[in-house]
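A short reminder: the numbers here are calculations on the coordinates, not readings from a lab. Source: prediction; values computed, not measured. Cβ placement follows ideal geometry from the backbone for every residue including glycine, while neighbour counts extend to all protein chains displayed.
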Amino acid sequence: MPLDVYKGIEGSFLEYPESGTPALYREYREDEIPEVDRREVLRYAGIPLHVLRNKENRKKDADACGEKSDKTGGQLSKSGEQLNNSCEKPADTGEQLSDSGINSSLSEPDGLLDSGLLKLLERSVSITCGAMSYRVSYIYAPIRWEPAEDEAFPILPFEQYSRALKRNLEGCTGVVIFAATAGAGIDRLIRRYEKSEPSCGAFLQAIGAERVEALCDKFNDEVNEAARSYGFETRPRFSPGFADFYLAVQPEILSLVNAQRRLGITLDSSLLMSPSKSVTGIIGLRR
Amino acid sequence: MNILEYMKDNFLFLDGGMGTLLQEAGLVPGELPERWNVTHPDEIVRIQKSYFDAGSNVVLSNTFGANSLKFSAEELDILVKAALMNARRAMEESTGTQQKFVGLDIGPIGKLLKPYGDLDFEEAVSIYADTVRAGVKAGADLIFIETMNDSYDTKAALLAAKENSDLPVFVSNAYGSDGKLMTGASPEAMVSMLEGMRADAIGANCSLGPSQLKEVVEKYLACASVPVLLKPNAGLPRSEDGRTVYDVSPDEFADEIRALMEKGVRIAGGCCGTTPRYIEAVVKRSKGLAPVPVTAKNRTVVSSYTHAVEFGSGPVLIGERINPTGKKRFKQALRDRDIDYVLEEGIKQADAGAHVLDVNAGLPDIDEAEMLQLIVKELQAVTDLPLQIDTVDASAMEKALRIYNGKAMINSVNGKEEVMDAVFPLAAKYGGLVVALTLDENGIPDTAEGRVGIAEKILCKAAQYGIAPKDIIFDPLAMTISADTRSAMITIEAVYRIRRDLGVNTSLGVSNVSFGLPERSLVNAAFFAMTLEKGLSAAIMNPYSADMMNVYYAYRALHDMDENCQKYIEYAVKAAEEREEALRERAEAYAGAFGAAGTSRSSFASSGAGEINTSAAGPAGKEGLNTPAPDPAGKGGKSRGASASSSKAASVLQNAVIRGRKEQAGNIVQELLKTIDGMEIVSNDIIPALNVVGKQYEEKKVFLPQLLMAAEAAKSAFEKIRDAAAQKGTSEKSDLCTVVIATVHGDIHDIGKNIVKLLLENYGFNVVDLGKDVPEQVVADKVVELHAPVVGLSALMTTTVPAMERTIKLLREQAPWAKIAVGGAVLTQEYADAIGADRYCRDAMETVRYAQEVNTV
């Protein structure tokens, strides 16, 4: 697709849904997405990583977590899972603890993870069963680098400029721009349980956040594989809301991937997406 | 010729995709296609003419995104007018000899409606209305609402079309591969709602290819009594040599469409990826095919935003609990605008197995219309059950029906002319299944014949309003046998005759039959079984009643309505388990309450205001909690009198709260209440337990979900205490101060605020929750009215912080005494200082602490 097409674009509405290159569309069955990662859910629910770790790893992880979680927040994400985009994949979660691993930490002296809590977690997971849908809509766009002074700037199919994004895309010749959603069903559940059982509501929030991230990971894996076959490597995915890549770009990105029509994603006046468990992002490709 | 007349004997062919063709003509991404009506009229005419040339009967104006959210009123008028002129010109220039029409195309606004989004329903209606009026003025032959992926948004658009024009309205929804709309509606639910509102043709477009939409279309054909339309994509887009192509060719497309026309589709066209070649193929391929007649399906259904409930194929249970009549606690909740209490009642009934929820907010001293609308709005956001709107006030009925997301039950009309004239027009406009009571100006006939006679009269009158018998459900009135022992048999006879002679459905408020008798549920259940056997379709009943539910499941199993008795078995097994669990819990609670007699202890510090030191007792749930704690504040020393024996129970109760064991906490309190005063339990046991958890939370030893679990357990304990107080006719209001909380204007996020509310209530504060998106003046008025000493404001987004600042400023002017705490994701101490708040509260616990601080001053 010729890049010039994108020159001189104005306005930042959720545009006419048929406009733009028809976006590509990918839908996943429940069994194509890895099972709910309980540890991630607990983490999203505000239980710090060090509590979830095996004793021996605890000290090291506490440090790592504290340091990295500050970075993952972005300008708005003080309470990450309430906002749509969880930005770059947060701190490496290290080796996965099995369920029994979580349970074993229960027997530790401070008993921070009580069995009632884990029971609630399991019940929350089962409530979301069948309520999720996993859909991604995306386009591929080449990038041209416009030389200016002593550095070059990427010309992307949207207006907003971000230094952090530019750094992320260093050396890239193309990007995949995508929107992913875990669907509206989880939002209904969250609302219901926040009224009747807020503790369960908190877990549903966390599960939703974990699910849409799992979806992004799955999609990202596929992009990585396709890129590799063409001799490209991929950059870590980058989302609006992170650093100086402001949410103001959301209308343009959603319009590019035809998200309103394909995925049913709408924006409210604060530029937050609905369904709330949705993510937009950019994956840079370079040789 | 009128399009509806033409459709009676003919297929109607629509046009195909527009966007791709416009891009080929030079439209660039980001450019608004509607502006091309004015800037490139010849291109638009050329494309539209090519559709007429290909055989389309209807070409839609290039107005998919033409709405007053994107364009000024002036520009909107100009664009819509130009769009319809272009379509007319295309029609005149086309050489096609078929009947031709021009449709006003309306697509979704692209905003989600409240409560999930931030666009108000009425605002949406008025945005659509602007486009409709412009289209009518510009001479459209019909209105075509399409690609709607949310049922509520669809309702807003259809309502706007109906209220602002007499043109035929076609409504088409975009279904996902799961066969549902994005926000969950099934085809049956959409058919129910759209037919109720008198759409002239309905169906599906966009999102998928014709073969993937087959199941959706078949469902439409099975239940729709109006013509069904289909306008699919040319399959799914995929990448080919760096270009995006659709995967269904014109010929395949035409074959698949023809197959569905053979099954009954009457109106066909194409959406994304289709071109005049596709339409030409469809027209050609369907030559010689005779249209399948459209027949009335006579299904009696109601629907919610997700699904339809059909009457006549098995007993329908209508939960009766959302009703203040005879319920002190419920009345209090309505007066306090405690909507959460009402919502919980709804959720519990859904969990108990109700299929429909009756909603009644009739209290003499409140604004019923406003309250009913509020409850319906909130209730349909937390439950997917269809609602039965229950009011005698026609204006309240209209307000509720208007914002209801689906086809509601309307409770009720009766044989009185005046009532029918007030209610039937509402049913005709908004759709609905009308509950008709068999009484009239002369009262309730005391014979079955008399009641059937009134039913006939009601059907006649309904027909005058265009309401078919399928949309009336008769309630031949159950009356207590304690007043007249013949009354049950008369009612049962009336049920039978109405079903047999009039062929319509029936419903009864079964519980009335036992009024004045002991052990009412025994009589109710037997009466329920007897009437079901005589053909009763639905019952307004108490879904918490095991006796009633037993009858329901057993009846279905016995009537071969339950394959392999599966549902019955599931129900029976679960019921048995729950009985055992309840017994065990009660035994535990009993043992806790009375098992350890004689061990007296000094009480914990009370009042919730002081810094309680019970956390010194050690980690949650450890035996240490049994250790009596000193009374640091010195004001908790009230004698526990007769309750000296209850310290063990108290510690069990504290443990239950700390551990977040809801049921257990409730049960123990139930037992304790037999001997101890409610407020004493609160101050001596519940508050200290909450303090333990709160302290641990602050020390990061427990986390939000655990804090919430404890809060819920405490809440369930409070509920028992409040119920007991309501029974006694007293109200257990604590002497702590009032806290007014709200999410500021423009902000629709209330997660954090709800948690603050829960915790504040736990600690005994009188919380007045104004909800979310609350205008400044509303906050100030309430604070002044109650002279509230503490106000909590929440904002999630940077964009709404200015609204918070304005609210604070107004409060400083009008309620200078009030202390203002602020919180929310976006706030920081600096922010809070900058906008003049008294305190920034990082989380819900901090808000509680601050309120305690203010309270003690």
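Some observations on this one:
- Built amide H within the under 5 Å cut-off of A:Glu233, gap 5+: A:Arg286, A:Arg287
- Reach of A:Lys166 by Cα under 20 Å, taken over aspartates and glutamates that are not fewer than 8 positions away in the same chain: A:Asp4, A:Glu88, A:Glu146, A:Glu149, A:Asp150, A:Glu151, A:Glu233, A:Asp244, A:Glu252
- Computed from Cα positions, the angle between helix B:151-164 and the longest principal axis of chain B comes to roughly 60 degrees.
- The radius of gyration of the Cα set in the protein assembly as shown, together with its Dmax, comes out at 31.4, 102 angstrom.
- For region A:266-280, 3J(HN,Hα) per residue [Karplus equation, 6.51 cos²θ - 1.76 cosθ + 1.60, θ = phi - 60°, Hz, x = Gly/Pro]: 10, 10, 9, 5, 8, 6, 8, 8, 10, x, 5, 8, 10, 9, 10
- Approximate spin-label separation B:Asp560-B:Arg806, in nm, with each point projected 7 Å along Cα-to-Cβ: 6.7 nm
- Between 0 and 90°, nearest 10: helix B:250-263 axis offset from chain B longest Cα axis: 70 degrees
- Region B:145-200-region B:551-574 distance, computed between alpha-carbon centres (Å): 35 Å
- Fraction of alpha-carbon pairs over 37 Å apart in region B:3-285 - percent: 5 percent
- For the cross-link pairs B:Lys231/B:Lys399; B:Lys49/B:Lys180; A:Lys277/B:Lys348; B:Lys701/B:Lys753, the ones whose C-alpha atoms lie over 29 Å apart are B:Lys231/B:Lys399; B:Lys49/B:Lys180.
- Remark: relative contact order (chain B) = 6 percent; criterion is Cα-Cα distance under 8 angstrom and separation of 6 or more residues.
- Cα gyration tensor, region B:729-813 - rounded (a/c under 1.5), prolate or oblate: oblate
- Euclidean distance of C-alpha centroids, region B:796-857 and region B:325-398, integer Å: 32 Å
- The residues packed around B:Leu79, meaning those with a beta-carbon under 9 Å from its beta-carbon, carry a net charge of -1 if Lys and Arg are +1 and Asp and Glu are -1.
- Taking label positions 7 Å along the Cα-Cβ direction at both B:Asp735 and B:Glu570, the computed distance is 5.3 nm, reported to one decimal.
- About the Cα centre, charge dipole magnitude for region B:469-583 (Lys/Arg +1, Asp/Glu -1 at Cβ), debye: 460 debye
- Put a plus charge on the Cβ of each Lys and Arg, a minus charge on the Cβ of each Asp and Glu, and nothing anywhere else: the dipole of the protein assembly as shown about its Cα centre is then about 1220 debye.
- Farthest positive-ward along the protein assembly as shown dipole, Cα basis, beta-carbon charges - from B:Ala818, B:Phe330, A:Ile177: B:Phe330
- Cα-projected label distance for A:Lys119 with B:Asp393, points at 7 Å along beta-carbon direction, nm: 4.4 nm
- Pairs from the list B:Lys137/B:Lys470; A:Lys218/B:Lys567; B:Lys416/B:Lys470; B:Lys328/B:Lys782; B:Lys263/B:Lys377 with a Cα-Cα gap above 28 Å: B:Lys137/B:Lys470; A:Lys218/B:Lys567; B:Lys263/B:Lys377.
- Along the axis of the charge dipole computed for the protein assembly as shown (Cβ charges of +1 for Lys and Arg, -1 for Asp and Glu, origin at the Cα centre), the listed residues B:Leu653, B:Val768, B:Leu76 are led at the positive end by B:Leu653.
- Qualifying aspartates and glutamates (Cα of each under 15 Å from Cα of B:Lys574; at least 8 residues distant if same chain): B:Asp351, B:Asp547
- Near the amide H of A:Tyr134, within less than 5 Å, lie the amide hydrogens of A:Tyr28, all on another chain or at least 5 residues away, with H placed in the peptide plane.
- On Cα atoms only, tilt of B:121-137 relative to the major axis of chain B in degrees: 10 degrees
- Over all orientations, chain B has a Cα convex hull whose mean projected area works out to 41.2 square nanometres.
- Estimated from helical segments only, the mean residue ellipticity of the protein assembly as shown at 222 nm is -14000 deg cm²/dmol, where each DSSP H run of four or more residues counts as -39500 (n - 2.57).
- Ordering B:Cys206, B:Ser794, A:Val257 by Cα displacement along the dipole of the protein assembly as shown toward the positive end leaves B:Ser794 in first place; charges were set at the Cβ atoms of Lys, Arg (+1) and Asp, Glu (-1).
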